[in-house]
Amino acid sequence: MSRHTAAVWRIDPQLIGDTIADLLRPKGPPRRVRVPDVVGQPMVDARLALGRLGLRPEVQRDDDHPPAVEGRVALQDPPPGTRVRRRSTVRLLVTFPAEDP
């Protein structure tokens, strides 16, 4: 008479969860991107460039300093080349002429 022993398998639930998450996670673009240099660009072009990378532009008007060319990005934060997560906000300071009262 032969005796059979049953093998007991212990599976780590965390390992199963991680494996399923890896299989279901979209293999799309990377989660972090480099902020492009948009200083000097027209506001519309800067917003498009940031949007294509999954970044959210936040435009602030600079009415205090007379612009050399109005409607262009004067400053940005974070600076160009900074690695940020997708859907991060990039603040743009855009020059506009001061409005006369």
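The values are calculated or read from the model by the stated rules, or taken from the named source; none is laboratory data. The shown structure was predicted, so the numbers you read here are calculated from the model rather than taken from an experiment. In this analysis, Cβ positions are derived from the backbone assuming ideal geometry, glycine residues included, and neighbour counts consider all displayed protein chains.
Scanning the stretch 76-98 for residues that are in a loop (DSSP other than H, G, I, E, B) and more than 15 Å from D45 (Cβ to Cβ) yields P78, P79, G81, T82, R86, R87, S88, F96, P97, A98.
Selection of the stretch 34-68 for residues being in a strand (DSSP E or B), surrounded by 15 or more Cβ atoms within 10 Å (Cβ to Cβ) and modelled with pLDDT under 90 yields only D62.
Yes or no: the stretch 3-16 includes at least one residue that is surrounded by 10 or more Cβ atoms within 10 Å (Cβ to Cβ) and either out of contact with any Gly (no Cβ under 6 Å at 6 or more places or on another chain) or at pLDDT 65 or above (or both). Yes.
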